[in-house]
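*Asks:* The following block contains the structure, expressed as structure tokens.
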Amino acid sequence: MSVAYTAIGWNRQKKIYDSIIAFSCVTYIVLFAGVTLLFNPEATFETLLIRSTSTLALLLLHIILAIGPACRLNKRFLPLLYNRRHLGVTMFLVASIHGIFSMIQFHGLGNVNILVSVLISNTSFQSLHAFPFQLLGLAALLILFMMAATSHDFWLHNLSPRVWKKLHMLVYLAWVLILLHVMLGVVQLERNPVMVLMLFAGFVFITVLHLLAAAKENRTDNLKNVAEKDGFLYVCKVQDIAENRAKIFFTGKERVAVYRYEDALYAIHNVCKHQGGPLGEGIIKDGCITCPWHGYQYLPQNGQSPPPFREKVSTYELKLIGDTVWINPVPFPEGTSQAGVKITDHAR
Amino acid sequence: MERTLRKRHRQIWYAIVMIVPPLLLLSWLVIPDTAPVKEIRIAPVTVLPEIVYAGGTENFQANLRSNADRTIWQLEWINKKVLAVPSAVIYKSNGNTFDPAAAQIAGRIETKGRYYFPLQDTTAIRRPVKLIVYDFIHERVIDSINF
């Protein structure tokens with residue numbers, strides 16, 4: 001991360017990630033064009049470009065939507081999440097090529113402005129079959145543009161993580177608009193059952209993946225913590241927490257990461273200030289709790305990012321009773337120092 | 001995610017699961033049974049062998065073609081340049097005057113290229129013959145040629 005608003009250098013991992021994306025996209029377009037020309041040699045360059053970019057953008061969008069829940073279900077997918085925004089910007093660029101070439105191809109020969117033509121050429125809003133599907137695609141493209149334009153951390157800091165995240169949740173609206181754009185557009189004209197099947201399968205796949213991830217998190221959140229002593233809630237036994245790692249605990253309102261580090265226990269809010277990553281799924285590196293998503297770091301004893309960074313999260317009061325860990329669910333203000341609870345030989 | 005964002009996320013997914021499947025299903029059900037006609041098939045034109053009258057300007061070339069016994073006539077029209085109007089109609093008029101209501105419509109021209117129009121004449125066409133390029137939208141004569 002960068003503390004100043006300057007372009008962030010391309011590290012090796014980013015270069016590899018982006019090279020794979022670029023290579024995959026070019027390979028897809030070439031393969032698509034090749035197979036299409038094999039079955040339809042009369043296809044023009046414009047048609048090949050419009051169709052290959054449309055299917056590629058749709059595929060990329062489904063991959064992007066799958067990364068989040070896949071990471072919640074299995075940590076091995078985390079490397080994909082690290083540069084998900086690069087994939088998002090690539091998807092927007094590919095979708096833009098589709099949108100711009102389609103507008104030129106289908107609206108460029110008229111005597112009105114291309115954009116005006118897109119907006120007024122079809123007004124059959126009362127018909128589902130003849131619905132102006134191009135407007136749905138245009139609306140989705142505008143959302144994707146807004147997301148790509150604000151994808152840099154500059155906007156994340158200026159808009160605040162909460163507003164930024166809300167803005168970027170519009171990806172779901174864009175996804176739905178694109179599904180309808182395809183169903184009410186090319187599917188109505190081509191009547192290709194394979195296209196319909198693939199679209200339905202994609203929708204079911206993404207939905208099931210999100211529901212599975214939600215169910216997994218709900219199981220953790222819904223664990224009943226009946227034990228309560230003097231306002232403290234029972235978390236677990238000391239032995240249940242591995243060194244340099246955490247146990248995520250749901251207080252009834254928020255998730256808390258209870259870390260074990262150098263024979264002491266610390267509790268901080270589970271949500272990273274950067275993009276809401278689960279801090280409790282990270283590890284302690286160089287004395288700092290490290291977010292598994294993008295590597296943002298926090299000191300366990302006060303929830304503050306080490307200088308010069310200024311992010312900070314809430315800390316919580318812990319206590320040990322025998323070998324059991326207990327937490328006060330009321331958080332301290334963000335960045336409040338809280339000495340770790342020493343693990344005694346008896347508790348160990 | 002924080003609690004409020006988690007709640008928002010959950011609401012979004014409730015909405016997606018409830019609204020999108022019926023919409024997808026509905027759009028699948030309204031797919032028409034009949035295949036749309038995408039191709040415009042034009043019967044191949046047989047070009048008549050003899051050019052009887054020919055003429056033209058920098059914008060077009062017009063040839064009146066016929067067979068050996070002059071029983072079938074055809075207008076070969078070559079548009080050398082793009083029309084300044086969306087489309088125009090070619091009329092054939094016998095004599096030097098032009099009345100759209102009385103003249104014979106040969107055909108419609110649009111872009112640059114070669115057009116062939118059958119003519120109604122079944123006997124030898126006699127001079128003078130006038131061909132008029134008429135902009136029917138603005139109701140004005142764009143060009144003409146006399147044979």
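The values are calculated or read from the model by the stated rules, or taken from the named source; none is laboratory data. Because the structure is a prediction, the values reported are computed rather than measured. Positions of Cβ are backbone-derived with ideal geometry, glycine not excepted, and every protein chain shown enters the neighbour counts.
*Asks:* Starting from segment A:313-326, keep only residues that are in contact (Cβ under 8 Å) with a residue 60 or more places away in the chain, then list their pairs with residues that are aromatic (Phe, Trp, Tyr) and in a strand (DSSP E or B) whose Cβ atoms are within a distance under 7 Å, requiring at least 6 positions of separation or different chains.
*Replies:* As it stands, the answer is A:Leu318/A:Trp326; A:Lys319/A:Phe232; A:Lys319/A:Trp326; A:Thr324/A:Tyr234; A:Trp326/A:Phe232; A:Trp326/A:Tyr234, since those pairs meet every condition given.
*Asks:* Please determine, by comparing only the residues of segment B:58-86 that are touching a residue at least 40 places away in the same chain (Cβ under 8 Å) and loosely packed, with under 13 Cβ neighbours inside 10 Å, which one is farthest from the chain's Cα centre (by Cα).
*Replies:* So the residue we want is B:Thr71.
*Asks:* Additional query: Can you find a residue in segment B:39-47 that is more than 16 Å from B:Ser144 (Cα to Cα) and within 14 Å of another protein chain (Cβ to nearest Cβ)?
*Replies:* Here is the first cut: in segment B:39-47, the residues more than 16 Å from B:Ser144 (Cα to Cα) are B:39-47.
Cutting the leftovers down to within 14 Å of another protein chain (Cβ to nearest Cβ) gives us B:39.
Checked segment B:39-47: at least one residue is more than 16 Å from B:Ser144 (Cα to Cα) and within 14 Å of another protein chain (Cβ to nearest Cβ).
*Asks:* Follow-up question, since we're still on this one. In segment A:176-202, which residues are farther than 14 Å from A:Leu141 by Cβ, more than 7 Å from chain B (Cβ to nearest Cβ) and among the hydrophobic types (A, V, I, L, M, F, W, C)?
*Replies:* Of everything in segment A:176-202, those that are farther than 14 Å from A:Leu141 by Cβ, more than 7 Å from chain B (Cβ to nearest Cβ) and among the hydrophobic types (A, V, I, L, M, F, W, C) turn out to be A:Val186, A:Val194, A:Met195, A:Leu197, A:Met198, A:Leu199, A:Ala201.
*Asks:* Within segment A:264-299, restricting attention to residues that are within 19 Å of A:Asp240 (Cα to Cα), at pLDDT below 85 and assigned to a strand (DSSP E or B), which residue is nearest to the other protein chains (Cβ to nearest Cβ)?
*Replies:* A:Pro278
*Asks:* Of the residues A:Ala140, A:Ala148, only one is under 30 Å from A:Gly277 (Cβ atoms) and either touching a Lys or Arg at 6+ places or on another chain (Cβ under 9 Å) or surrounded by fewer than 17 Cβ atoms within 10 Å (Cβ to Cβ) (or both); which?
*Replies:* Just one listed residue meets the conditions, A:Ala148.
*Asks:* Residues B:Tyr134, B:Tyr116: which one is under 25 Å from B:Pro49 (Cβ atoms), of a type outside the set (Gly, Ala, Ser), at pLDDT 85 or above and part of a strand (DSSP E or B)?
*Replies:* Working: B:Tyr134 fails: under 25 Å from B:Pro49 (Cβ atoms).
Only one candidate qualifies: B:Tyr116.
*Asks:* If you scan segment B:87-106, which residues turn out to be surrounded by fewer than 15 Cβ atoms within 10 Å (Cβ to Cβ) and not acidic (Asp, Glu)?
*Replies:* Pass one, segment B:87-106, residues surrounded by fewer than 15 Cβ atoms within 10 Å (Cβ to Cβ): B:87, B:95-97, B:99-102, B:104-105.
Result: B:Ser87, B:Gly95, B:Asn96, B:Thr97, B:Pro100, B:Ala101, B:Ala102, B:Gln104, B:Ile105.
*Asks:* Restricting attention to segment A:137-196, which residues are farther than 30 Å from A:Ser127 by Cα and part of a loop (DSSP other than H, G, I, E, B)? Talk me through it step by step, then tell me what you get.
*Replies:* Within segment A:137-196, the first condition is being farther than 30 Å from A:Ser127 by Cα, and the residues that meet it are A:147-168.
Residues satisfying the conditions are A:Thr150, A:Ser151, A:His152, A:Ser160.
*Asks:* What is the number of the single condition among (1) without any contact (Cβ under 8 Å) to a residue 60 or more places away in the chain; (2) closer than 19 Å to B:Pro32 by Cβ; (3) of a type outside the set (Phe, Trp, Tyr) that A:Val182 does not meet?
*Replies:* (1)
*Asks:* Kindly establish whether B:Ala15 is within 13 Å of chain A (Cβ to nearest Cβ), among the aliphatic types (A, V, I, L, M) and surrounded by 11 or more Cβ atoms within 10 Å (Cβ to Cβ). Don't jump to the end; show me each part of the working.
*Replies:* On the way: within 13 Å of chain A (Cβ to nearest Cβ): yes; among the aliphatic types (A, V, I, L, M): yes; surrounded by 11 or more Cβ atoms within 10 Å (Cβ to Cβ): yes.
Taking the combined requirement at face value, the residue satisfies it.
*Asks:* Could you tell me whether any residue of segment A:45-65 is under 26 Å from A:Asp153 (Cβ atoms) and either modelled with pLDDT under 90 or in a loop (DSSP other than H, G, I, E, B) (or both)?
*Replies:* Within segment A:45-65, the subset under 26 Å from A:Asp153 (Cβ atoms) is A:57, A:60-65.
Subsequent filtering for residues that are either modelled with pLDDT under 90 or in a loop (DSSP other than H, G, I, E, B) (or both) retains none.
No, because not a single residue in segment A:45-65 is under 26 Å from A:Asp153 (Cβ atoms) and either modelled with pLDDT under 90 or in a loop (DSSP other than H, G, I, E, B) (or both).
*Asks:* Now a separate question. Considering only segment A:274-303, how many residues are without any contact (Cβ under 8 Å) to a residue 12 or more places away in the chain and touching a strand residue (DSSP E or B) at 6+ places or on another chain (Cβ under 7 Å)?
*Replies:* Number satisfying all stated conditions: 1.
*Asks:* Here is a further query. Condition test on A:Gly99, is it of a type in the set (Gly, Ala, Ser) and free of Cβ contacts under 8 Å to residues at least 40 places away in the same chain? Break it down stepwise before answering.
*Replies:* Values: of a type in the set (Gly, Ala, Ser): yes; free of Cβ contacts under 8 Å to residues at least 40 places away in the same chain: no.
Against the criterion (of a type in the set (Gly, Ala, Ser) and free of Cβ contacts under 8 Å to residues at least 40 places away in the same chain), A:Gly99 does not qualify.
*Asks:* With under 17 Å from A:Pro329 (Cβ atoms), buried (at least 17 other Cβ atoms within 10 Å of the Cβ) and touching a strand residue (DSSP E or B) at 6+ places or on another chain (Cβ under 7 Å) as the only criterion, which of A:Tyr266, A:Tyr261 stands out? Please lay out each step first, then the result.
*Replies:* Details: A:Tyr261 fails: under 17 Å from A:Pro329 (Cβ atoms).
The conditions single out A:Tyr266.
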